[in-house]
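Student: Below is a structure I'd like to ask you about.
The values are calculated or read from the model by the stated rules, or taken from the named source; none is laboratory data. Quick caveat: nothing in here was measured; it's all calculated off a predicted structure. Cβ sites come from the backbone with ideal geometry, for glycine too, and all protein chains shown count toward neighbours.
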Number of protein chains: 2
Amino acid sequence: MEKQEAFPITYSVLGLLAFMGPMSGYDVKRAFDHMLSPMWGAAHSQIYKELRRMENLGWVTMEREEQEDRPDRKVYSITTKGQEALADWQTQPADNLQMRDELLLKLLFGSFAPPGALAANVRESIMHHEQRLLQYRANVQYLPVLENALQHHTTNESHATGAKSTGMKRPNPYAPQHETEPYLNQVARFAVAFEETYLKWLYETLDAIEGRNEQ
Amino acid sequence: MEKQEAFPITYSVLGLLAFMGPMSGYDVKRAFDHMLSPMWGAAHSQIYKELRRMENLGWVTMEREEQEDRPDRKVYSITTKGQEALADWQTQPADNLQMRDELLLKLLFGSFAPPGALAANVRESIMHHEQRLLQYRANVQYLPVLENALQHHTTNESHATGAKSTGMKRPNPYAPQHETEPYLNQVARFAVAFEETYLKWLYETLDAIEGRNEQ
DNA sequence: TATATCATGTAATCGGTTACATGATTAA
DNA sequence: TTAATCATGTAACCGATTACATGATATA
């Protein structure tokens with residue numbers, strides 16, 4: 001087997017291009033933060049790199065939009081080959097979940113630290129995740145709204161670069177009907193379920209630490 | 001602020017040395033896989049690197065145990081400075097959870113892939129996580145056993161390398177009393193809760209995909 | 001007036017993964 | 001007797017994070 005040519009982030013970016021249409025790296029970053037940050041984080045510099053990588057692979061094409069005040073926009077579009085690569089990746093089995101949570105680490109070796117500091121950390125985490133939970137709950141309820149908001153980045157503004165006029169067909173047999181996006185919704189539901197579980201555990205943990213502390 | 005000198009994995013390794021006593025890199029890797037893999041993965045090569053890093057920082061010391069058939073064992077021990085660094089890290093706030101799950105990614109863009117393949121992936125994931133759940137449940141119940149099993153790596157075998165005779169004191173004010181390790185237990189409980197939530201969602205997702213498929 | 005945010009991207013560095021080595025013992 | 005597993009570690013490479021650049025507009 002030849003050297004690996006693409007990775008989860010690669011496909012994340014590819015998926016966003018498939019899902020939301022042609023975009024610049026900057027737009028991809030925005031979309032990424034909105035939709036994917038809970039399950040995979042990425043710096044913008046890396047997204048640009050993945051776009052270049054995929055250009056070399058022929059999975060996307062780039063059209064340069066010249067601008068004056070700012071650097072030119074490089075607008076990327078998924079190709080047919082890219083669509084195939086995406087679907088192929090999704091078909092391959094994949095099951096490696098890595099949960100990188102520093103708080104869990106700190107708590108695991110909790111017996112080496114002053115309980116007060118740990119409790120403070122847990123409290124901070126609780127606030128943070130309560131926030132996220134609210135956000136995710138809103139997402140589940142207002143998914144169509146979110147989708148529109150995201151679409152606007154692509155659909156408003158003048159991007160009559162001719163990309164469409166080249167006939168770059170995207171028939172896309174599985175193209176999402178944006179009336180309802182059940183997969184998106186399903187993942188959003190997971191985010192909610194996860195945050196609820198995590199929060200419940202955090203409260204439980206706080207009780208345990210403080211109960212152990214006093215008394 | 002000077003360049004960052006240590007990272008989550010660094011402290012993970014350090015914590016294991018504090019928790020289980022002097023070990024070689026190989027032993028650390030074993031312990032790592034047992035205790036930390038759910039929340040932070042690491043290749044053995046990286047663990048060796050972290051040990052070297054910490055040696056330079058003065059957080060650990062190394063004693064070489066010569067062997068014939070195999071490469072020499074380099075046994076690392078945490079120093080007082082290392083213990084301070086560990087506790088200090090735990091005291092700092094930390095809340096960045098990154099959950100890297102390829103399956104979630106694949107499902108998110110599910111509308112671009114054949115539902116049958118997705119369902120197959122979900123089924124495989126279900127089997128995998130059912131396994132993990134059983135394992136974690138056993139951990140919660142038999143924690144003392146697990147701890148003993150891990151301890152044995154360090155406590156059996158001949159390691160009278162003189163490390164102890166140098167008077168390397170490890171008074172360790174918060175040293176875990178191995179009768180019960182409440183923090184370890186608490187984290188194990190999280191692992192169980194997480195797997196339960198994840199599995200429930202996987203089943204739900206499978207239903208959704210298949211329900212949509214037939215009918 | 002200074003600081004953030006919008007907007008876009010490149011370059012350098014470092015964490016993390018994969019590959020490379022070596023040899024003994026145990027299992028298929 | 002071929003292949004895992006035990007055992008132990010180094011070297012090379014690549015994904016991912018941090019830093020570097022640039023210049024507008026909006027906000028405090």
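Student: From the list B:ARG123, B:ARG132, B:ARG137, pick out the single residue that is modelled with pLDDT of 95 or more, out of contact with any Pro (no Cβ under 7 Å at 6 or more places or on another chain), assigned to a helix (DSSP H, G or I) and not hydrophobic (A, V, I, L, M, F, W, C).
Tutor: Numbers: B:ARG132 fails: modelled with pLDDT of 95 or more; B:ARG137 fails: modelled with pLDDT of 95 or more.
When all the criteria are applied, what remains is B:ARG123.
Student: Now, a different point. Of all residues in the stretch A:29-43, count the ones that are surrounded by fewer than 19 Cβ atoms within 10 Å (Cβ to Cβ) and over 21 Å from A:TYR183 (Cα atoms). Steps first, please.
Tutor: Initially, the stretch A:29-43 is screened for residues surrounded by fewer than 19 Cβ atoms within 10 Å (Cβ to Cβ), giving A:30, A:33-34, A:37, A:41, A:43.
This time we only want the ones that are over 21 Å from A:TYR183 (Cα atoms), so: A:43.
Final tally of qualifying residues: 1.
Conditions (1) more than 8 Å from DNA strand D (Cβ to nearest atom); (2) closer than 28 Å to B:PHE190 by Cβ; (3) β-branched (Val, Ile, Thr); (4) crowded, with 19+ Cβ neighbours inside 10 Å, marked per residue:
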{"residue": "B:VAL13", "(1), (2), (3), (4)": "yes, yes, yes, yes"}
{"residue": "B:ASP27", "(1), (2), (3), (4)": "no, yes, no, yes"}
{"residue": "B:GLN46", "(1), (2), (3), (4)": "no, yes, no, no"}
{"residue": "B:GLU50", "(1), (2), (3), (4)": "yes, yes, no, yes"}
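Student: All but one of (1) of a type outside the set (Val, Ile, Thr); (2) more than 14 Å from every other protein chain (Cβ to nearest Cβ); (3) within 17 Å of the chain's Cα centre (by Cα) hold for B:GLY41; state the number of the condition that does not hold.
Tutor: Unmet condition: (2).
Student: Checking the structure you have, find out if any residue of the stretch A:68-76 is away from DNA strand D (no atom under 14 Å from the Cβ), surrounded by 16 or more Cβ atoms within 10 Å (Cβ to Cβ) and more than 7 Å from chain B (Cβ to nearest Cβ). It would help to see each step written out before you state the result.
Tutor: First, the residues of the stretch A:68-76 that are away from DNA strand D (no atom under 14 Å from the Cβ): A:75-76.
Then drop every residue that is not surrounded by 16 or more Cβ atoms within 10 Å (Cβ to Cβ), which leaves A:75-76.
Next, only the ones that are more than 7 Å from chain B (Cβ to nearest Cβ) stay: A:75-76.
Yes; the residues of the stretch A:68-76 include at least one that is away from DNA strand D (no atom under 14 Å from the Cβ), surrounded by 16 or more Cβ atoms within 10 Å (Cβ to Cβ) and more than 7 Å from chain B (Cβ to nearest Cβ).
Student: Let me ask something else. Residues in the stretch A:177-186: is at least one assigned to a loop (DSSP other than H, G, I, E, B), at pLDDT 65 or above and either hydrophobic (A, V, I, L, M, F, W, C) or surrounded by 15 or more Cβ atoms within 10 Å (Cβ to Cβ) (or both)? If you could, list the steps in order and put the result at the bottom.
Tutor: The first filter runs over the stretch A:177-186 and keeps only residues assigned to a loop (DSSP other than H, G, I, E, B), leaving A:177-181.
Next, only the ones that are at pLDDT 65 or above stay: A:180-181.
Narrowing the set further to residues that are either hydrophobic (A, V, I, L, M, F, W, C) or surrounded by 15 or more Cβ atoms within 10 Å (Cβ to Cβ) (or both) leaves A:181.
Taking every residue of the stretch A:177-186 in turn, at least one turns out to be assigned to a loop (DSSP other than H, G, I, E, B), at pLDDT 65 or above and either hydrophobic (A, V, I, L, M, F, W, C) or surrounded by 15 or more Cβ atoms within 10 Å (Cβ to Cβ) (or both).
Student: Here are some conditions: (1) more than 12 Å from DNA strand C (Cβ to nearest atom); (2) more than 19 Å from B:GLN90 (Cα to Cα); (3) within 13 Å of another protein chain (Cβ to nearest Cβ). B:MET35 meets all but one. Which one does it not meet?
Tutor: (2)
Student: Name the residues in the stretch B:90-100 that are within 7 Å of another protein chain (Cβ to nearest Cβ) and surrounded by fewer than 22 Cβ atoms within 10 Å (Cβ to Cβ), would you?
Tutor: As a first pass, look at the stretch B:90-100 and keep what is within 7 Å of another protein chain (Cβ to nearest Cβ): B:90-91, B:93-100.
Listed by number, the residues that qualify are B:THR91, B:PRO93, B:ALA94, B:ASP95, B:ASN96, B:LEU97, B:GLN98, B:MET99, B:ARG100.
Student: Something else now. Go through (1) more than 30 Å from A:GLY15 (Cα to Cα); (2) within 14 Å of DNA strand D (Cβ to nearest atom); (3) more than 10 Å from chain A (Cβ to nearest Cβ); (4) small (Gly, Ala, Ser) for B:GLY82 and report which single condition fails.
Tutor: Single failed check for B:GLY82: (2).
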